[in-house]
1. In the set 12, 70, which member is at negative phi, assigned to a helix (DSSP H, G or I) and more than 13 Å from the chain's Cα centre (by Cα)?
2. Residue 107 - would you say it is open to solvent by less than 70 Å² (accessible area, probe 1.4 Å) and of a type in the set (Lys, Arg)?
3. Conditions: (1) at pLDDT below 85; (2) buried (at least 20 other Cβ atoms within 10 Å of the Cβ). Residue 98 meets all but one. Number of the miss?
4. Specify the residue that is nearest to the chain's Cα centre (by Cα); the eligible residues are those in the stretch 149-169 that are open to solvent by 90 Å² or more (accessible area, probe 1.4 Å) and among the acidic types (Asp, Glu).
5. Out of the residues in the stretch 73-102 that are in a loop (DSSP other than H, G, I, E, B) and touching a helix residue (DSSP H, G or I) at 6+ places or on another chain (Cβ under 7 Å), which is farthest from residue 119 (Cα to Cα)?
6. Among the numbered conditions (1) open to solvent by less than 30 Å² (accessible area, probe 1.4 Å); (2) closer than 17 Å to residue 131 by Cα, tell me where residue 54 comes up short.
7. Restricting to the stretch 131-165, name every residue that is in a loop (DSSP other than H, G, I, E, B) and at pLDDT below 90.
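The values are calculated or read from the model by the stated rules, or taken from the named source; none is laboratory data. Keep in mind that this is a model prediction, so the values were computed, not measured. Cβ atoms come from the backbone with ideal geometry, glycine included; neighbour counts cover every protein chain shown. The area values use the complete protein model at the heavy-atom level, side chains included, leaving out ligands, DNA and RNA. Shrake-Rupley method; radii C 1.70, N 1.55, O 1.52, S 1.80 Å.
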Amino acid sequence: MSGWPTAEKALRGHAVRDVLLPGFLDRDEDVPEFRPQPLVVWLRLDEGLLRFESAGQFDRLDTTAVDGVRWDDIELLAEAEEEVIVASCGEQLFGDGRDELRCTRLRVYRAPGPDDGACTCLALDFEGGHTLFLDPTWTFGIRVGNASDEQRWLKLYGTEGASLVAEVPLSERA
C-alpha cells in the first residue's frame, strides 16, 4: 500500500517522534554544514517510519511505511560523492520538547490538473496545535513546513483549481 491512506493508517495507530531529512555534509569550509536534499522525508514513529517521496514529475507525494531509513533508490543521494547523513528536525518543527506527538487530523490536497486522486500535498495536524505541511512541488524536493506554508500554498494554487481531496480526523481531539 502506498499513498495517503498509508499515512492515515500508520498515524492513526502510532505517535510521531521525529522528522528526518537527508542531505549532504559539506566539510569544505571551516565549519561543516548540513545541506538538506529532501527528495525523501521520514516521520519516525513509535514503531517504524513513514517515508514520503517526491514522485512523478515532482508533483505528487508518495507515502510508504518502512522499517528503516534508506536512500539507495534516490539517485542524487545514492550516487553522491559527498557524505550523506540524516538530520533530525522534529524539535525545530514542533519545538515543545515532547518525546512524541499524536497526529489529530490530516488533509490531502491536489494541485490543479487531472483528477486522478493523487496526493499533491499533505498537511498533518498534531497535538498542541502544530501542523506539518509536506509539499513535493518545491524545486529542491519536499518543502517541509508548517501551517503558514499550507496557507501560502492554498493562496498560490487555490485560485488555479487546487482542491482538498480529503480531511480525515485521526483522534477524538481533532
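1. That would be 12, the only listed residue that is at negative phi, assigned to a helix (DSSP H, G or I) and more than 13 Å from the chain's Cα centre (by Cα).
2. Criteria met by residue 107.
3. Failing condition for residue 98: (2).
4. The qualifying residue nearest to the chain's Cα centre (by Cα) is 167.
5. 96
6. Answer for residue 54: the failing condition is (2).
7. 139, 140, 161, 162
Every residue, every condition in (1) over 18 Å from residue 135 (Cα atoms); (2) in contact (Cβ under 8 Å) with a residue 12 or more places away in the chain; (3) open to solvent by less than 50 Å² (accessible area, probe 1.4 Å), yes or no:
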residue	(1), (2), (3)
19	no, yes, yes
25	yes, yes, yes
31	yes, no, no
37	no, yes, yes
48	yes, yes, yes
61	no, yes, yes
70	yes, no, no
